Amino acid sequence: MYMVIILGTRPEIIKMSPVIRECEKRGLDYFILHTGQHYSYEMDRVFFEELELPQPKYNLDVGSGTHAEQTGRIMIGVEKVLMKEKPDVVLVQGDTNTVLAGALAAAKLHIRVGHVEAGLRSYDRRMPEEVNRVLADHVSDYLFAPTEKARQNLLREGIDEDKIFVTGNTIVDAVYQNLEIAERKVNVLRELGLKPKEYFLVTAHRQENVDVRERLKGILRGLKLIREEFSVPVVFPVHPRTRKRVEEFGLDMSGIEVIDPLGFLEFLQLEANARLVLTDSGGVQEETCILGVPCVTLRDNTERPETLEVGSNVLVGTKPERILEGVRTMLNKENSWKNPFGDGRAGERVVGTIV
Ligand code: UD1
Ligand code: UDP
């Protein structure tokens, strides 16, 4: 059994890390193919270093571009590698252009595809990620659904139940494996002059939010409102897409603690100690739920409905007053929900199913 793990962006490196660790532990014949969709040090290399992951055997260096350009370049590069290496199985994770292109290139070569984090649906086709998820699921041979809900989504689309495996989400493994390491290795609160539970943490990078001036402006205004009402620092490690748009739209980020994107250990520690997190990230909605930290999601829908059900998360969109209201609501609630994303052994189940 010869396997390829394809990845290309920050969340894929983090969420594949438990699968990679499991492959290493079992001494499997596999390699990592990096598409180069993310390439800045703080979006890419930092995670290989902190999580002590093996070097990719190939990096396609595709970089940024329009959706078709990026997806096309990845397909062309992946196809060449797969034709040379002839693996039995390709693994992809999540919903990025790397995932769609990797899955499609492999399926056309009749190589089995395993999709980690299959079956998530926002039912919002304006999101590029929704298109990627649906298509990747439908060309996959192993669908690793993180939850029962995700499995049900797949069954409703007519996917054969024999292909679906409920494994839990590998982000639980990643959080459990790294939280303690973070405690030992980093002290980001001291570095940033923050006190536990006395700051809010923010991330925002979704195309449908930050590429639309009014929505990005609404988010920034909302952050200022909460800063005024609660008088605690609002810390915002800014994704490169967002930084570019803030400059392009000439928006004002004063009053917000703007910092560069952080490594996973640092970010996990900041998340675990935050009073509340505001985000439009998928992974951050899950991590806050796992860590017992309340979350306010700057979107109108979510493909992580489990977080709404257990009460760790609320959807507020991007209007300033609604953001403020959502923060008030979440701060008045008990943080005593149960993590719905699994037991931290998802990586083991994914690899165990394939070998
Ligand atoms: C991509 C994924 C998104 C995921 C996110 C994780 C798609 C369609 N989108 O969005 O699902 O949530 O990654 O962070 O696959 N840039 C840099 N350095 C980098 C990478 C990007 O400066 O290392 C800048 C470039 O200006 C680029 C922009 O960010 O144009 C957007 O990058 P891109 O990979 O197209 O999409 P993301 O917004 O990162
Ligand atoms: N993350 C990080 N540093 C940061 C912001 C986020 O390490 O400055 C991590 C976070 O812990 C989570 C992942 O990046 O595991 C989420 O990635 P992102 O929000 O870019 O993508 P999404 O999950 O929305 O696809």
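Values quoted throughout were computed directly from the atomic coordinates according to the rules given, and no laboratory measurement underlies them. It should be emphasised that the depicted structure is a prediction, and the values quoted were computed from it without experimental measurement. For neighbour counting, all protein chains shown are included, and Cβ atoms are generated from backbone atoms with ideal geometry for every residue, glycine included.
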| task | Would you mind working out the magnitude of the charge dipole of the range 74-167 relative to its Cα centre, with +1 at each Lys and Arg C-beta and -1 at each Asp and Glu C-beta, to the nearest 20 Debye? | result | 220
| message | What is the distance in Å between the Cα centroid of the range 232-257 and that of the range 281-332? | response | 20
| query | Put +1 on the Cβ of every Lys and Arg and -1 on every Asp and Glu Cβ in the range 102-183; which of Thr167, Asn153, Val116 then has its Cα farthest towards the positive end of the dipole? | reply | Asn153
| message | I'd like the projected area of the range 271-343, averaged over all directions, using the convex hull of its alpha carbons. Report it in nm² with one decimal. | response | 4.4
| Roughly how big is the range 119-204's charge dipole about its Cα centre, with Cβ charges of +1 (Lys, Arg) and -1 (Asp, Glu), in debye to the nearest 20? | 440
| request: Can you put Ile13, Ile32 in order of Cβ neighbours within 10 angstrom, beginning with the fewest? | output: Ile32, Ile13
| said: Of Gly218, Pro305, Phe267, which is farthest towards the positive pole of the range 194-342's charge dipole, taken about the Cα centre with +1 and -1 on the beta-carbons of Lys, Arg and Asp, Glu respectively? | reply: Gly218
| task | Please report, in debye to the nearest 20, how large the charge dipole of the range 139-249 is about its Cα centre when each Lys and Arg carries +1 at its beta carbon and each Asp and Glu carries -1 there. | result | 700
| message | Using helices alone, I'd like the mean residue ellipticity at 222 nm for the chain: each DSSP H run of four-plus residues gives -39500 (n - 2.57), total over residue count, nearest 500. | response | -15000 deg cm²/dmol
| note | Dividing the surface of the Cα convex hull of the chain by four yields a projected area in nm² of 16.2
| Contact order normalised by residue count of the chain, Cα under 8 Å, 6+ apart, percent | 17
| Residue among Val131, Val81, Tyr41 farthest towards the positive dipole end of the chain, charges placed on Cβ | Val131
| Want the number for Ser231 to Glu180: 0.36 nm per residue separation, take away the alpha-carbon distance, what's left? | 15.4 nm
| For the pair Val131 and Asp300, how long in nm is the line joining their label points, each one 7 Å along Cα→Cβ? | 1.8
| message | 7 Å from Cα along Cα→Cβ at both Arg213 and Ile76: what's the point-to-point distance in nm? | response | 3.5
| query | With the chain treated as a Gaussian network of Cα nodes joined by springs under 10 Å, which of Val212, Val284, Val316 yields the largest mean-square fluctuation? | reply | Val212
